[in-house]
Amino acid sequence: MSAETTMNQPTDRPQKQVGFRRLFGGARTHRSQHTGFLSIAGGLVAWELVGRLVISNSLFLATPTQIAAQIYNLMRSGELFIHMGVSGAEFGIGLIISIILGIALGFLITTNKIANAILGPWISALYATPTVAIAPLIILWFGIGLWSKVFVVIINATFPMIINTEAGLRATDPKLIEAVRCFGASPLQVFWNVMLPSALPYILAGVRLSVGRAIVSVVVGELFGSRAGLGFMITQASEVFNMPRLFAAVVVLALVGVILTAGARYLERVLQPWNK
Amino acid sequence: MSDTLEIRKVSKLFGNLEALRSVDIKMEAGEFISIVGPSGCGKTTLMRIIAGLEEPDAGNVWIGGNKVTAPGPDRGFVFQSDSLLPWRTVWQNAALGLKLNGQLDAEATERVRNMLELTGLAGFESYWPKQLSGGMRQRVNLARALALDPAVLLMDEPFSALDAQTREIMQTELLRIWEVGRKTVLFITHQIDEAIFLSDRVVVLGRRPGRVREVIDVDLPRPRTLAMKRQPEFVAMVDRIWGLIETDVRNSVKEDATNAA
């Protein structure tokens, strides 16, 4: 049973199917999915032809078939999974801390004027700053292990969470708050029953932004100092001009990005069945 | 349960603006009173004071024998249509007041069921508010207030967002539902004919300062039908109330125009 059918849907309405197509296609029609698929396939064919006929020197470009073969080999030897595991751990730990920290800080600056006065300017400044730029410094401080990358993720992925949580909480309809207060709701009940659900779309959109930032942070962090991970693979491959290997890591990252973003979108739908 | 509502000489100032001056209304248990008045007559302020969200500068509000100091489940509220929680189903919205007050026991659950049935919402329990029409959403609002079994029902322009036809239907529906429990109802509206059609008495407020201009007894027999709105006595009563507030309304329109310019 899909998650949606458990969420109190009116039983006399047809259930929407949840599956691969919905996950990636959203509300799009069959035709535009077709077009999307053809666009990707056409691009790959063109790439392959250019790689074979125009820039045949493999130092300059790897073709899709070479990359696919490389990915296959890396998977068979298990090497790919080791690197994915390292990067995945850095990403996962960093993202979870960013989400929790971001929601907590967003809530704090919305409800507490003093906290807002103290933290507000810092948050605005750091949100717009490309903090990946100080990744080398963080590697210096925290070493080349897991936690330096986790820290890079946190200083990049937390800010969209803070800003979106704040925007969402502030966007709560004052009429709804008033209505619920008339029914005797305590401040805590107002928060749980009105403000948080109202802010949820903003918070989940923030998660989607943070996922993107976290992936970039992991890779950049690894470029500057690491022993394993997809970013490490990229550095290593580029140093010896192993283009198929370099592209293999990039493609895996792109795929992971697509899947995670789709997952975040899926989460947005499942957590807000009233917003369809 | 139904009880008396007494608004005793309530006054309220906002800076220099006198929102309410010694407003005094006494309601019997089971009475239906409407308040009409122009914009800026302090209707909203009065409602917030009765809700316990605002404190009067003088006077006070009593429900039964109890003085109002804070919000409580002895008052049920019906607001304009946008006050349902979009992330709660019809059922969850109707049960909200009880849940917030920690009273959602088996008996209360049964009452929610009955109120949804009474308001014509049986079968729609699992719908989201978004899936309902404006009239249906107002039924949910009404069910939510009635589910608390309050001593007093306070309705703040509940039909103002509805189209004219739906509005008429909802007025007759409200009377049908009211006949079942005979709650004490204080109904705030802009529409004079709506006030007369529903009420035992109509309180006419004036503006700047907000005060009671006149209280008009409506002695039309119950149950009432929409045809009564076309009877000469009814029309005469509408004219009389309109005459009482016309100058105020014109002033308020003029003021809006100056503010907009």
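Read the figures in this text as sums done on the coordinates, not as results from a lab. The structure presented is a predicted model; accordingly, all values stated were derived computationally and were not measured. Because the Cβ atoms are built from the backbone with ideal geometry, glycine has one as well, and the counts that use them run over all protein chains shown.
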Net charge dipole size for segment A:121-276 [Lys, Arg +1 and Asp, Glu -1 on Cβ; Debye, nearest 20]: 240 debye
Surrounding net charge for A:F232, when Lys and Arg each add one and Asp and Glu each subtract one, Cβ distance under 13 Å: -1
Percent RCO, i.e. relative contact order, over chain B, from Cα pairs under 8 Å lying at least 6 residues apart: 27 percent
Chain B: angle of helix B:164-181 to the longest principal axis, Cα-based, in degrees nearest 10: 70 degrees
Dipole of chain B [Lys/Arg +1, Asp/Glu -1 at C-beta], most positive-end residue of B:T258, B:F77, B:V140: B:T258
For segment A:36-113 and segment A:115-139, distance of Cα centres in Å: 26 Å
Which listed pairs, of B:K130/B:K254; B:K43/B:K254; B:K12/B:K67; B:K9/B:K229, have C-alpha distances above 26 Å, in listed order: B:K130/B:K254; B:K9/B:K229
Unit charges on C-beta of K, R, D, E only; dipole of the protein assembly as shown, Debye: 1180 debye
Max mean-square fluctuation residue, GNM over chain B, Cα-Cα springs under 10 Å, options B:R111, B:R224, B:R137: B:R224
Neighbour-count order for B:C41, A:C182, fewest beta carbons within 10 angstrom listed first: A:C182, B:C41
Cα gyration tensor shape for the protein assembly as shown, rounded if a/c is under 1.5, else prolate or oblate: prolate
Neighbour-count ranking [beta-carbon atoms within 10 angstrom, fewest first] of A:M243, B:M155, B:M1: B:M1, A:M243, B:M155
Distance from segment B:40-105 to segment B:206-220 (C-alpha centre basis), Å: 23 Å
Net charge of neighbours whose Cβ lies under 15 Å from the Cβ of A:P244, counting Lys and Arg as +1 and Asp and Glu as -1: 0
Gyration tensor (alpha-carbon) shape descriptor, segment B:32-93, a/c threshold 1.5: oblate
Rounded if a/c under 1.5, otherwise prolate or oblate - segment B:174-236, Cα gyration tensor axes: oblate
Positive minus negative residues near A:I99 (Lys, Arg vs Asp, Glu; Cβ under 13 Å): +2
Order by protection proxy (mean Cβ within 10 Å, highest first), peptides B:234-243, A:165-174, A:198-207: A:198-207, A:165-174, B:234-243
Least to most buried among B:K99, A:K175 (fewest other Cβ within 10 Å first): A:K175, B:K99
Candidate aspartates and glutamates for bridging to B:K99, where Cα separation is under 14 Å - those fewer than 8 sequence places away on the same chain excluded: B:E107, B:E110, B:D149
